[in-house]
1. How many residues are within 14 Å of another protein chain (Cβ to nearest Cβ) and among the charged types (D, E, K, R) when one looks only at the range A:65-87?
2. Give me the residue from the range B:212-244 that is of a type in the set (Phe, Trp, Tyr) and under 23 Å from B:Ser98 (Cα atoms) and, out of that set, farthest from the other protein chains (Cβ to nearest Cβ).
3. Give the residue that is modelled with the lowest pLDDT, with candidates limited to residues of the range A:283-311 that are outside any helix (DSSP H, G or I) and acidic (Asp, Glu).
4. It is to be established whether one or more residues within the range B:136-154 are assigned by TED's automatic domain parsing to the domain that holds B:Ser105, under 21 Å from B:Met200 (Cα atoms), acidic (Asp, Glu) and exposed (fewer than 15 other Cβ atoms within 10 Å of the Cβ).
5. When A:Glu218 is evaluated against the numbered criteria (1) within 21 Å of B:Gly275 (Cβ to Cβ); (2) surrounded by fewer than 23 Cβ atoms within 10 Å (Cβ to Cβ); (3) modelled with pLDDT of 95 or more, which criterion, by number, is the only one it fails?
6. Taking only pairs six or more apart or across chains, which ones have beta-carbon atoms under 6 Å, a first residue in the range A:103-131 that is farther than 19 Å from B:Gly275 by Cα, and a second residue that is of a type in the set (Asp, Glu) and open to solvent by 10 Å² or more (accessible area, probe 1.4 Å)?
7. Could you please let me know if A:Leu241 is in contact with a helix residue (DSSP H, G or I) (Cβ under 6 Å, 6 or more places away or on another chain) and either at pLDDT below 95 or away from chain B (no Cβ under 14 Å) (or both)?
8. Can you name the condition, by its number, that B:Lys212 falls short on among (1) within 17 Å of B:Arg140 (Cα to Cα); (2) touching a residue at least 12 places away in the same chain (Cβ under 8 Å); (3) open to solvent by 10 Å² or more (accessible area, probe 1.4 Å)?
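The values are calculated or read from the model by the stated rules, or taken from the named source; none is laboratory data. Please read all numbers here as calculations on a predicted model, not as lab measurements. Methodologically, a virtual Cβ is constructed for each residue, glycine included, from the backbone with ideal geometry; neighbour enumeration extends over all protein chains shown. Only protein heavy atoms, including side chains, enter the accessible area calculation; ligands, DNA and RNA are left aside. Shrake-Rupley method; radii C 1.70, N 1.55, O 1.52, S 1.80 Å.
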Amino acid sequence: MGILSFFQKDKKETLDQGLAKTKESVFGKLARAVVGKSKVDDEVLDRLEEVLITSDVGVETTLRIIERIEQRVARDKYVGTDELNKVLKEEVLSLLTEDNAENPSDYSAELPSSPYVIMVVGVNGVGKTTTIGKLAYQFKKSGKSVYLGAADTFRAAAVEQLVAWGERVGVPVIKQKMGADPASVAFDTLTSAKTNNADVVIIDTAGRLHNKVNLMNELTKIKNVMRKVVPTAPNEVLLVLDGSTGQNAFEQAKQFTKATDVSALAITKLDGTAKGGVVLGISDQFKIPVKYIGLGEGVEDLQVFDRKEFINSLLD
Amino acid sequence: MFENLSERLERSFKILKGQGTITEINVAETLKDVRKALLDADVNYKVAKTFTDDVKAKALGMNVLNAIKPNELMVKIVHDELARLMGGTHEDINLKGSPAVILMSGLQGSGKTTFSGKLANMLKHKRGKNPLLVACDVYRPAAIDQLKVVGEQINVPVYSEPDSKNPIKIAENAIKQAKRNGHDLVIIDTAGRLAIDEQMMAEIAAIKDAVKPQEILFVVDAMTGQDAVNTAKEFNERLNFDGVVLTKLDGDTRGGAALSIRTVVDKPIKFIGTGEKMEAIDLFHPERMADRILGMGDIVSLVERAQEQYDEEEARKISKKIAKNQFDFNDFMSQIQQIKKMGNIKDLASMIPGVGKMMKNVDLDDNSFVGVESIIQSMTPAERANPQLINGSRKNRIAKGCGRSVPEINRLLKQFSDMQKMMRAMQNQSNPLRMMRKKQSRR
């Protein structure tokens, strides 16, 4: 696979390990349906449906993928099962929105502005703070100065958790006491970062269920207050989704996009048996690229998302 | 985002019209829709398949009653089967033992720490327990601090060993401490772990062996997708847990994971978490969960209640009066009584699909009618039958009689006259309640 060159070897191994279960199930099942046949029939498509649904791709997106494959089969008259793999990958790939060049996901890439402000949002328990710790590590490793803002002033010990990450990675964390106004923490962080010429600022926010209107409005306020210090802030709004979440992730993406102009996604906990397939439909519908995937609790367990690699790991 | 099941079934049940029973042929399309609804709710693929097969077996040959629409009957079958599968008799939490030990388990971010606090708080206040919380998550940064903050909030002590990296020892020491200090309940919070993490799964199994808990709870995020079955199965094989806790149900997830887990491990769902506050804990209600998975309010019982309480004769009478422009305060009062008979207004509203969510934060209760009723009751029969009679001095008398102010009475009179106008405008379309009912059954 020439595509392998997209990844360094060690990275590829982690992703493969993380998605190991997926690999067995997806192509194992598909291969069984396909064995001894030379063309795509209903049984193969049924299998494919099962594979996609059990990966949390969702009914609608699954039906769309299958429909498109059926159209291709009809058009090209004869599609052998060898080609099915290729067609499937192409169709799935076309769902994943490409990365935006202005907001590179590569940690070492030159950032369009300084400080480059990333606001991290998501529902409770998806892994926002952990993702921030890992992001800070990667940016620092590639020679950038990083400031973290502990604007989750609500959850018990959320500030301490971020501070612990700051110590582990060796980056400053700007904080106030629990219960403080998150917008004020964000303001402080940006002010410090600006004074100290930081390259990257990452703002942690409290987990909020997307159906709580007041909490969602708070995000808008944080954003507005940050703009008083850095007019372009936030340069990136990163929505963190739990890879084991099912179709509700759609609703999360919808509501967070409404409240804060989400510009990128991070999918966490993909080192488990969950497949995170819901991201296909989300990326397609909201035209938001996936930038990072979380594959463990270690400081290195965050990877820049690679569409082709993701699909290969999902379907091979 | 998703259509609810009744909306879907209305389409597929067009086929059923004119047929007396549910047959293999006319049920096929319907079951497809049922299955799609379940999958949209994140019910596991295989579980959904088995479920629809069962429903089919139940539905075949069933008489489509004249009184109820076939699609409603089908919804009822699906709903009842869901509730039956998720429910059964409620099993209480086991608090025997001195101290009783509860061990929490689950994936990262499922809400174990928050729930440990809620459970301690509830058992302290409702069962008079003296709990000790134990911080056994030695991995995640600040996890111990988090439990400590929670403990402070509910005024429950927390046992921790900040320098220890051995959760098994911590758990054992905590129990000794509990015995010394006279705690009759120990709740052990553990680190989140993936089911495939062999080392971590071995660790929690070792904690179990060391402390022999009366109750092991598996905490799972209600938003979990297809993987819920794998995780629940693995945890159950390792721990043979006693019950499930579904968290984050204050979100808008359909929560199909509840059905998947229940089907796969056959362990009762004992509690649900409905918010970040320490009081946001509730017992599991299978009926409500069934509604939720199907994405609908409880339309079945709304229709049932409306039919039970609705007096056809009365309705005809009122409708005639409206047509003749004779609708008066007596009729108004009897309409109010009919609505009240159906139950709490907020409950009623919440049974209407789509309205429930809207009404959640609206302050509306049975008292909404109290003011109106007392004003009407302070009117003379003549005034009720002929509202035009009510002049300034009559208003003063009514105000004194009901303890309401004159402006309030003016407001009611204004509303009433608006209503009369509106009714006249729709006099060809029968009365409002009947219209509502028609709308209802058209669904």
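1. 0
2. B:Phe241
3. That would be A:Asp306.
4. There is no residue in the range B:136-154 that is assigned by TED's automatic domain parsing to the domain that holds B:Ser105, under 21 Å from B:Met200 (Cα atoms), acidic (Asp, Glu) and exposed (fewer than 15 other Cβ atoms within 10 Å of the Cβ).
5. (3)
6. Qualifying pairs under 6 Å: A:Ser105/A:Asp99; A:Pro112/A:Glu102; A:Ser114/A:Asp199.
7. no
8. Against the list (1) within 17 Å of B:Arg140 (Cα to Cα); (2) touching a residue at least 12 places away in the same chain (Cβ under 8 Å); (3) open to solvent by 10 Å² or more (accessible area, probe 1.4 Å), B:Lys212 comes up short only on (1).
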